[in-house]
Amino acid sequence: MIVELLRGIPKTDEILKHTEWKRISGLYPETVMKDALREVLNGLREGIKQGYVQGIPPLEEIIDRTEEKAKRFIKPGLTRVINGTGVIIHTNMGRSLLPKYAIEAVIQRASHFCNLEYDLDKGSRGDRYVHSVSVLQRLTGCESALIVNNNAAAVYLILNTLAEGREVVISRGELVEIGGSFRIPDVMKKSGAILKEVGTTNRTYREDYEAAITESTGLLMKVHTSNYRIKGFVYETSSEDIIALAKKYNLPSYFDAGSGLLFPLQGLDSINEPSIIEETKKGWSLISFSGDKLLGGPQAGIIIGEKPYIDAMKKNPMTRAMRPDKFTLAALEAILLTYLEGDRAKEKILTLKMIYEGKERIKARSKRVIKYLEDLGGHGKAFSITLVELESQVGGGSLPDVYLPSYGIAIKPKTITIERLEGILRALEVPIIGRIEKDTLLIDLRTILPEDEPYLIKGLKEAIAKALE
Ligand SMILES: *Cc1c(COP(=O)(O)O)cnc(C)c1O
């Protein structure tokens, strides 16, 4: 029986001659089609041997299965998703979204030659690191700047350049872990700098810093506690005090500002995120921050500060290993230039726009989605869908204690489990990622772009159909 079945598996030649094969073989690369076919036939063979395949499917079906596989082989692994979590800067979903004009800047510089390292004034070899420096000077009043691939690279480079083999004085309350195994003490060790922690978790005074300064000290460092807050019996030495101490002992001072909020967020309660512009005025030797957190740009690490230190970093051989490409530089400059427009940045930079979006507008959009789904009909048997008040979060290791009032839709499945529903939504062509609370899936409309809405509705429609299968 098994032998007979195995013998019945169509020969490759036979399949390649079939008209259906000829129709689809133009759609995918030949090697992909053949690999897919081999897998389908091997699957059949295995199935017959194991006993769960008891008949040979028609040729058409074998070819259909091959096409399905081929489709999966050429599908990019990195794919668009709909973020219904309400977390605006979601590290797992790519952090900040670039506005169209920043994408245009990337397309233009990437699809043409550009002056990446060519000095147009002199007509000779130039410096990749000059880009964005003048706009950063204009925005923040800094002396000089350096862009690297991300803020983790910035931290490493600063410590390695300024404090290799020397002690870095830092408060015990600021030995941060950002997530994804980025920990200040570990990065410090790798950089060759020596951690000199002072004070206690909740209280660190100016005297603690001062007592730790010796001839081995290389740097005074402060780290913004981006993703947590210490509350209660707390004392934090001010930036001004740390900077004054560094000056007194002729040492550099460095602030890892983390999220990169350029100027204070007006009109939002309970926000105590340091702004880069204010911190620059205080006189740090160096400040570093991320490009894709609150700044709302591409992944980048931005270092601003005194020219001699920036120049020393440019000479560090490790800088080459952290240098940004032209895509990053083009997008970053477009975003930074937007900040010169002042308040308009809140409209033009998508991360800020999402933070400032009013809850009434989000409510209206949520209602519209629900109405669409009701008009489609049939959902009542599969789900109960209701409007809910939610709280969005800024995310990206910033503002951990800020909750933005928001709205969204709550979906409670009637015929399937909540885990099954979540799985269906994740497997869609454009996956929808929500948040499960008890037996309900919550989708916050704050983080869903208007152009995502048709996909949200289409995806939910598909889920309804699956739930009723
Ligand atoms: C996020 C963060 C980093 C790491 O920045 P990346 O751009 O993610 O590399 C470093 N320090 C602080 C304080 C941060 O918040």
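Which shape class, rounded, prolate or oblate, goes with the stretch 370-469 when its Cα gyration tensor gives a ≥ b ≥ c as root eigenvalues, a/c under 1.5 marks rounded, and past that a/b bigger than b/c marks prolate?
Prolate.
Report, to the nearest whole %, how much of the accessible area of the chain belongs to carbon and sulfur atoms, 1.4 Å probe, protein only.
The computed percentage sits at 51.
Largest first, please: the extent of the C-alpha atoms of the stretch 144-237 along each principal axis, to the nearest Å.
In descending order, the Cα extents are 37, 33, 26 Å.
Using a 1.4 Å probe and ignoring any ligands, DNA or RNA, find the accessible area of residue 65 and quote it in Å² to the nearest 10.
Per-residue accessible area (residue 65): approximately 100 Å².
Please state the relative contact order of the chain as a whole percent: Cα pairs under 8 Å, 6+ residues apart?
Here the relative contact order equals 19 percent.
Cα centroid distance between the stretch 255-313 and the stretch 320-342, in Å?
That distance is 14 Å.
With unit charges on the beta carbon (Lys/Arg positive, Asp/Glu negative), name the residue among 400, 63, 18 whose Cα is farthest towards the positive pole of the charge dipole of the chain.
It is 18, whose Cα lies furthest towards the positive end.
What do you reckon, how do 249, 52 stack up by accessible area (1.4 Å probe), largest on top?
The residues order as 52, 249, largest area first.
Hey, could you pull the Cα Rg and Dmax for the chain, both in Å?
Taking only Cα atoms of the chain, I get Rg and Dmax of 28.0, 91 Å.
For the stretch 25-94, what's the relative contact order in percent, using C-alpha pairs closer than 8 Å and at least 6 residues apart?
38
Note the count of lysine pairs whose C-alpha atoms are less than 14 angstrom apart in the stretch 2-74, limited to pairs 8 or more residues apart or on different chains.
So the count works out to 5.
Amide H of residue 150 versus every other amide H placed in the peptide plane: which residues, excluding those fewer than 5 positions away on the same chain, fall under 5 Å?
Amide H neighbours of residue 150: 301.
Lysines within cross-link reach of residue 196: Cα-Cα under 21 Å, excluding same-chain residues under 8 positions apart?
222, 247, 248
Do any trypsin sites (Lys or Arg not before Pro) in the stretch 1-59 lie in a loop, going by DSSP, with at most 16 other beta-carbon atoms within 10 Å of their beta carbon, and if so which?
Loop-located and lightly packed - 11.
Calculate I(q)/I(0) for the stretch 245-330 by the Debye formula, one identical point scatterer on each C-alpha and no solvent, and give its log10 at q = 0.11, 0.18, 0.21 Å⁻¹ to two decimals.
Values returned for q = 0.11, 0.18, 0.21 Å⁻¹ are -0.37, -0.89, -1.10.
Divide the volume of the convex hull of the Cα atoms of the stretch 302-426 by its number of residues and quote the answer in cubic angstrom per residue.
Residue-normalised Cα hull volume stands at 201 Å³.
Which residue, 295, 173, 251, has the largest displacement toward the positive end of the dipole of the stretch 100-348 when charges sit on each Cβ (Lys, Arg +1; Asp, Glu -1)?
295
Percent of Cα-Cα pairs per 10 Å bin, from 0 to the last occupied bin, for the stretch 58-174, please list those.
Bin by bin from 0 Å, the calculated values are 9, 19, 28, 22, 13, 6, 3, 0.
In deg cm²/dmol, rounded to 500, what helix-only [θ] at 222 nm does the chain give when every DSSP H run of at least 4 residues adds -39500 (n - 2.57) and the total is split over its residues?
The helix contribution divided over the chain gives -13000 deg cm²/dmol.
Near residue 282, which aspartates and glutamates are there with a Cα under 17 Å away, not counting those fewer than 8 places off in the same chain?
Leaving aside aspartates and glutamates fewer than 8 places away in the same chain, those within reach of residue 282 are 143, 236, 240, 241, 256, 273, 306.
Per residue Cα convex hull volume for the stretch 2-74, in cubic angstrom?
Value for the stretch 2-74: 78 Å³ per residue.
Do the alpha carbons of any pairs in 122/315; 326/359; 189/307 sit beyond 28 Å of each other, and which pairs?
With Cα atoms farther than 28 Å apart: 326/359.
Return the Cα extents of the stretch 100-348 along principal axes one, two and three, sorted largest first, each rounded to a whole Å.
Extents along the principal axes, in whole Å: 55, 43, 33.
Over what distance in Å are the Cα centres of the stretch 1-17 and the stretch 372-395 separated?
Using only Cα atoms to place each centre, the spacing works out to 49 Å.
The values are calculated or read from the model by the stated rules, or taken from the named source; none is laboratory data. If you're wondering where the values come from, they're calculated on a predicted model, not measured in any experiment. Heads up, the Cβs are rebuilt from the backbone with ideal geometry, glycines too, and the neighbour counts pull from every protein chain shown. Surface accessibility is based on the protein's heavy atoms, side chains included, excluding ligands, DNA and RNA. Shrake-Rupley method; radii C 1.70, N 1.55, O 1.52, S 1.80 Å.
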